[in-house]
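I have placed the structure first, in the form of structure tokens, so that the comments after it can refer back to it.
The values are calculated or read from the model by the stated rules, or taken from the named source; none is laboratory data. Values in this document were obtained by computation on a predicted structure and should not be read as measured data. All Cβ positions, even for glycine, are placed from backbone atoms using ideal geometry, and neighbour counts span all protein chains on display.
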Ligand SMILES: [Zn+2]
Ligand SMILES: [Zn+2]
């Protein structure tokens, strides 16, 4: 009985302790918002492609320095890392924001829409924050400002990671999270945990989504060439037609997901490019295909590669042709730490409102944040970005509209998660 009483008392004390600062937090966040929205508009209006985040990282560095946060610039080319120490010693929590934009032409009617262009893959193209990284960067800058004002509540260290080059890079090029780690980021700072956010236009402003376990799929890319024998298109008997073999292979690859994996194993195998032939009366000698594989279960990687080989080997041999095959593993599964998630969910629900925090499916797109999550316990979650009553295009499209008001929700939630995590709740 006495034990129960003490436990209840302790629980009340802990809960009250956590809530004690909520009003102060709300007030500080409110005061922070106008300046941060101004920064968000600047970043959104002048987006920069992967590894070209010069103005963005300059802005980030200036802002952190103005708060008295110790920074390192030029991390993994254009990354910025900030270190903020609380007034009391304790654990280290890392926060990650990505800063790069995409070669997409913006089609929104925002007053701060981007009309900037850049050369990408030899072509002139519009550039847009179509993945919401301007929101992530703005949220984490806001968190830096808020936590600086609430230093007396911080027991430990906050490591701010402003990461370049999250979006796709040419195959084999190292950049982004992987390069930051290779340069020794976590060997130097040893975070006890990491939090990350991603914009989610399927959720409304005010809503937060999370998935227990995997947050994002792993991403691998493949290219294969079907090698046949060229002939006049009217004499197929003289050819080994790589177009027909390619069609058979594309369909057979879909059986990996439908016949080799358990029905409850989420996965994607997409052939995204087929290139072959030069005119309509010549059977070509080769067809080149490429695409991507997304998995939530890292143990299936070997199985996928084995089945690809078997299908290519069997199908081309049956036709009298041959093949070349290249398979590259990219970002791993972005895995949340379930224990950390369960520990932090009450904070999230307290700040955002219980009915606004919802379990969602993992996203089959990859995020190289996964490399950070491999190194320490992680909680990566979705921030609702669509203004209620409006329609937003999806991520990576020119009509994606991430609403300003999502930033306040992000700042408040991440700040509270940091304070509660470091206070040992
Ligand atoms: Zn993206
Ligand atoms: Zn993204």
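Key figures
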| item | result |
| --- | --- |
| Some residue of region 164-172 being farther than 30 Å from residue 304 by Cα, surrounded by fewer than 18 Cβ atoms within 10 Å (Cβ to Cβ), touching a residue at least 60 places away in the same chain (Cβ under 8 Å) and away from ligand 2 (no atom under 16 Å from the Cβ) | no |
| Sole exception among (1) in contact with a strand residue (DSSP E or B) (Cβ under 8 Å, 6 or more places away or on another chain); (2) surrounded by fewer than 18 Cβ atoms within 10 Å (Cβ to Cβ) for residue 262, by number | (1) |
| Criterion violated by residue 252 - all others in (1) closer than 30 Å to residue 164 by Cα; (2) away from ligand 2 (no atom under 16 Å from the Cβ) satisfied | (1) |
| Cβ pairs under 9 Å, 6+ apart, first in region 58-76 and closer than 17 Å to residue 86 by Cα, second at pLDDT 95 or above and exposed (fewer than 13 other Cβ atoms within 10 Å of the Cβ) | 64/70 |
| Those residues of region 74-92 which are surrounded by fewer than 16 Cβ atoms within 10 Å (Cβ to Cβ) and under 22 Å from the mean Cα position of the chain (by Cα), in sequence order | 74 |
| Single match in 152, 192 (criterion: at pLDDT 95 or above and surrounded by fewer than 19 Cβ atoms within 10 Å (Cβ to Cβ)) | 192 |
| Residues located in region 93-117, provided they are under 17 Å from the mean Cα position of the chain (by Cα) and either closer than 23 Å to residue 379 by Cβ or away from ligand 1 (no atom under 16 Å from the Cβ) (or both) | 94, 95, 96, 97, 98, 99, 100 |
| Number of the exception - residue 357 against (1) more than 16 Å from ligand 2 (Cβ to nearest atom); (2) within 26 Å of residue 85 (Cα to Cα); (3) surrounded by 19 or more Cβ atoms within 10 Å (Cβ to Cβ) | (2) |
| Complete set of residues in region 207-237 that are within 20 Å of the chain's Cα centre (by Cα) and surrounded by fewer than 17 Cβ atoms within 10 Å (Cβ to Cβ) | 212, 213, 221 |
| Residue check for residue 168: outside the structural domain of residue 279 (by TED's automatic domain parsing), within 16 Å of ligand 1 (Cβ to nearest atom) and assigned to a loop (DSSP other than H, G, I, E, B) | yes |
